[in-house]
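S.K.: Below is a structure I'd like to ask you about.
The values are calculated or read from the model by the stated rules, or taken from the named source; none is laboratory data. Everything numeric here is computed off the predicted structure, so don't read it as measured data. Positions of Cβ are backbone-derived with ideal geometry, glycine not excepted, and every protein chain shown enters the neighbour counts.
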Amino acid sequence: MISSEVLTRIIRRNKPDAIAVIKGNRQYPQLEGSVRFFRTPYEGVLVCAEVSGLPDRRSRMRSDFFAMHIHEKGDCSHAFDHVGMHYNPENMPHPYHAGDLPPLLSNDGYAWTAFYDERFTIGEIIGKSVIIHSQSDDFRSQPSGDAGEKIACGEIESGVE
């Protein structure tokens, strides 16, 4: 059984096994943050994301959810056009790709989330990228959830900050 106490201790030790430093595109240069990946004594990975500068889209009948995915390649250059598709080693339909992560929920441009995932290991994601999209993921559209433009990117690198 997975213990929340163990996962909390992992976060508190503040030494991620991999990290993606998130930077916004030209339209959102204020967007920044990190996604940290921690090994666990279980078979999965603990993921913690903290992002600020997200676009404030608050209006009636619209949420501030932003899709977050792991993409195949870690090349965050050229408006993030070279990151490839979602990381999907099992060739599953969306939203069952290993790279389909829970959405970010922004409050005044800030989002923090932590979750446990058994669909990938630290070694499998090094060199790939974390992408934040301009819209929420609809969890239906193929191949990638109709999540909109790529507004931020970070290459997943090994080691601590």
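S.K.: Of the conditions (1) in contact (Cβ under 8 Å) with a residue 60 or more places away in the chain; (2) part of a loop (DSSP other than H, G, I, E, B), Y116 satisfies every one except a single condition; which number is it?
M.R.: The failed condition is (2).
S.K.: Considering (1) assigned to a loop (DSSP other than H, G, I, E, B); (2) out of contact with any Pro (no Cβ under 8 Å at 6 or more places or on another chain), say which one E157 fails and leave the rest.
M.R.: All conditions pass for E157, except number (1).
S.K.: Now for a different question. Restricting the first residue to the range 15-31 and requiring it to be small (G, A, S), which pairs with a second residue that is crowded, with 19+ Cβ neighbours inside 10 Å and in a loop (DSSP other than H, G, I, E, B) meet a Cβ separation below 8 Å and a spacing of at least six or different chains?
M.R.: Every condition considered, the pairs that remain are G24/L31; G24/G53.
S.K.: If you don't mind, another one. Looking only at the range 31-44, which residues are surrounded by 11 or more Cβ atoms within 10 Å (Cβ to Cβ) and more than 17 Å from T113 (Cβ to Cβ)? Quick ask: steps written out before the conclusion?
M.R.: First pass over the range 31-44, keeping only residues surrounded by 11 or more Cβ atoms within 10 Å (Cβ to Cβ): 31-40, 42, 44.
Answer for the range 31-44, where residues must be surrounded by 11 or more Cβ atoms within 10 Å (Cβ to Cβ) and more than 17 Å from T113 (Cβ to Cβ): R39, Y42.
S.K.: Within the range 119-144, can you find the residues that are among the polar types (S, T, N, Q) and either part of a loop (DSSP other than H, G, I, E, B) or at pLDDT below 95 (or both)?
M.R.: So the first thing to find is which residues in the range 119-144 are among the polar types (S, T, N, Q), and the list is 121, 129, 134-136, 141-142, 144.
Those that are among the polar types (S, T, N, Q) and either part of a loop (DSSP other than H, G, I, E, B) or at pLDDT below 95 (or both): T121, S134, Q135, S136, S141, Q142, S144.
S.K.: Taking the options P143, P102, P89, P93, name whichever one is exposed (fewer than 13 other Cβ atoms within 10 Å of the Cβ) and within 30 Å of S3 (Cβ to Cβ). Walk me through how you get there before you give the answer.
M.R.: Numbers: P143 fails: within 30 Å of S3 (Cβ to Cβ); P102 fails: exposed (fewer than 13 other Cβ atoms within 10 Å of the Cβ); P93 fails: within 30 Å of S3 (Cβ to Cβ).
None of the other options fit; the residue is P89.
S.K.: Within the range 141-154, can you find the residues that are in contact (Cβ under 8 Å) with a residue 24 or more places away in the chain and under 17 Å from N88 (Cα atoms)?
M.R.: Hits for the range 141-154 are S141, Q142, P143, S144, G145, A147.
S.K.: Moving on to the next point. Inspect the range 76-84 for any residue being aliphatic (A, V, I, L, M) and on the phi > 0 side of the Ramachandran plot and give the result as yes or no.
M.R.: In the first step, residues of the range 76-84 are kept if they are aliphatic (A, V, I, L, M); the result is 79, 83.
Filter again for on the phi > 0 side of the Ramachandran plot, leaving 79.
Yes; the residues of the range 76-84 include at least one that is aliphatic (A, V, I, L, M) and on the phi > 0 side of the Ramachandran plot.
S.K.: Let me ask something additional. A147: part of a loop (DSSP other than H, G, I, E, B), farther than 18 Å from L46 by Cα and either at pLDDT below 90 or not acidic (D, E) (or both), yes or no? Quick ask: steps written out before the conclusion?
M.R.: Numbers: part of a loop (DSSP other than H, G, I, E, B): yes; farther than 18 Å from L46 by Cα: yes; either at pLDDT below 90 or not acidic (D, E) (or both): yes.
Judged against the criteria, A147 is a match.
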